[in-house]
Amino acid sequence: MAELTKRYIVMAMATEAPFDLTDPDGAFVLKPWKDPAALRALEAYRDNCYPELARELDAWIRSVKAGPAIRGGVGKRNEPFVRAARPAPAPRPRAKAKPKKKPAPRKRANLAEKRKR
């Protein structure tokens with residue numbers, strides 16, 4: 001079964017309305033073909049989702065990158081601000097545990113010497 005599916009129909013509204021930041025069902029539409037910032041967001045999403053969806057998103061991303069650069073209004077405004085993808089930081093090598101030193105043996109006083117004191 002495909003993981004990347006169409007679930008919504010998105011249409012432009014006749015007039016703009018304010019975005020409800022508190023709506024848990026609110027959606028923000030990104031158009032990776034027209035906006036390089038949206039493409040970067042899609043790459044970040046791909047890097048942080050489950051493997052089956054990540055594979056399908058990667059195919060879509062490759063298709064967008066291989067196609068012509070189409071820029072919409074927001075895409076043209078975003079283009080100068082898009083940062084190059086940073087490579088994921090390499091995992092830090094773990095420090096090797098130092099072997100524990102055995103505590104120095106306690107010196108036992110000779111019983112005969114103790115009795116003399």
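What follows draws every value from the coordinates through simple rules; no lab data is involved. Note that this is a predicted model, so its numbers are computed, not measured.
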Under 13 Å from the Cα of K65 - aspartates and glutamates, other chains or at least 8 residues apart: D35, E43
Cα-based reach from K100 at 14 Å (exclusive), listing aspartates and glutamates while leaving out same-chain residues under 8 positions away: none
Cα gyration tensor shape of the stretch 1-88, rounded if a/c is under 1.5, else prolate or oblate by comparing a/b with b/c: oblate
